[in-house]
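The values are calculated or read from the model by the stated rules, or taken from the named source; none is laboratory data. Source: prediction; values computed, not measured. Every residue, glycine among them, receives a Cβ derived from its backbone with ideal geometry; neighbour counts consider all protein chains shown. Protein only, heavy atoms only, side chains kept; ligands, DNA and RNA dropped before computing areas. Shrake-Rupley method; radii C 1.70, N 1.55, O 1.52, S 1.80 Å.
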Amino acid sequence: MYFVTGTDTDCGKSFISAALLSAVTNHKPTALTLGIKPVASGCRVTELGLRNPDAELLMDHSSDKLDYQSVNPIAFEPAIAPHIAAAKAGVDISPEAIMAKLDLVRMNSADFCLVEGAGGWRLPLGNGRFMPEMVQTLELPVVLVVGMKLGCLNHAMLTQEAIKADGLRIAGWVANRIDPEMACYEENLATLISVMDAPFLGAVPYMESAKPVDAAAFITPGPLLSEQR
C-alpha cells in the first residue's frame, strides 16, 4: 500500500495514480488493484450523492470494484481546501476520523493499493492537524508526483525534504509534464533525476486528451511491486 502525494494541487496526482494502476495491471493482469481517495473537495451533486471525478477515475482503473463510499468516504461540494469545507459542513476530518472510514482490511488485501491525498504534502486537516499524520500512523511509503512546470525543482526538493522530515520514505517518483511549453524540460528532468533520493518510475509526456492507459506506457511499476507488502 502506498500514499500518493504531489508537488502541488494540479500536478496530476489522480491521473498518474490511475496510470500506475493501469501499469500494474499491464505488468500483472491478475493483480488485484485498488485506488482510494479518502478526502475530496470539488464534488458534483448527483442523485446518488456527491461524486468526485478523481475518485471516479481511480475506480475506473481499479480491478477491485468497491462502492463509491468506500473509495471516497469524505466528500465536499465546494472546490476549496478540505479543512475549510469540513469546518463549514461541521465534519471531522482529523486523521483518526479519516482512518475510521477506510476499509483497511480490503485495502490491505489488494495486491497493489494506492491512497491518494488531496493537494500537496502538508495538507491541513484543521485544529493543527495535517494529512501526513495519517500516513505516519499507517506507515505508508510515499509515491511523489512531480508536476513538470516552471518551479518544479524547488517544489520537488522541498516536498522530498518534508516527507523525510516526517520520518517517511519516498518509494518512487513520477515526472508528469503538465506544461507543454515548459522551457528546458529535458534539462530540468535530468536535474531532478540527479537530486531525488528515490527510484525514478518514469516521465509522462504532455499528451492532450490523454488517458491513464496511455500514460501507463511511460511508467515502470517494478520498484513498487518488488516491495509491495
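Values for this structure:
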item: Output for the stretch 134-160, where each listed residue is of a type outside the set (A, V, I, L, M), open to solvent by 10 Å² or more (accessible area, probe 1.4 Å) and farther than 16 Å from Phe3 by Cα; result: Lys149, Gly151, Asn154, His155
item: From the options Ser194, Ser209, residue that is surrounded by fewer than 19 Cβ atoms within 10 Å (Cβ to Cβ) and at positive phi; result: Ser209
item: Matching residues in the stretch 134-163 - criterion: being over 30 Å from Glu181 (Cβ atoms) and more than 16 Å from the chain's Cα centre (by Cα); result: Thr137
item: Top-ranked residue in the stretch 74-84 [being over 16 Å from the mean Cα position of the chain (by Cα) and not small (Gly, Ala, Ser); ranked as nearest to Cys113 (Cα to Cα)]; result: Phe76
item: Leading residue by the ranking (least open to solvent (accessible area, probe 1.4 Å)) among those in the stretch 72-111 that are of a type in the set (S, T, N, Q) and not in a helix (DSSP H, G or I); result: Asn72
item: Residue ID - surrounded by the fewest Cβ atoms within 10 Å (Cβ to Cβ), chosen from residues in the stretch 50-71 that are part of a helix (DSSP H, G or I) and touching a Phe, Trp or Tyr at 6+ places or on another chain (Cβ under 9 Å); result: Glu56
item: Residue list for the stretch 177-214, restricted to those being among the polar types (S, T, N, Q) and within 21 Å of the chain's Cα centre (by Cα); result: Ser209
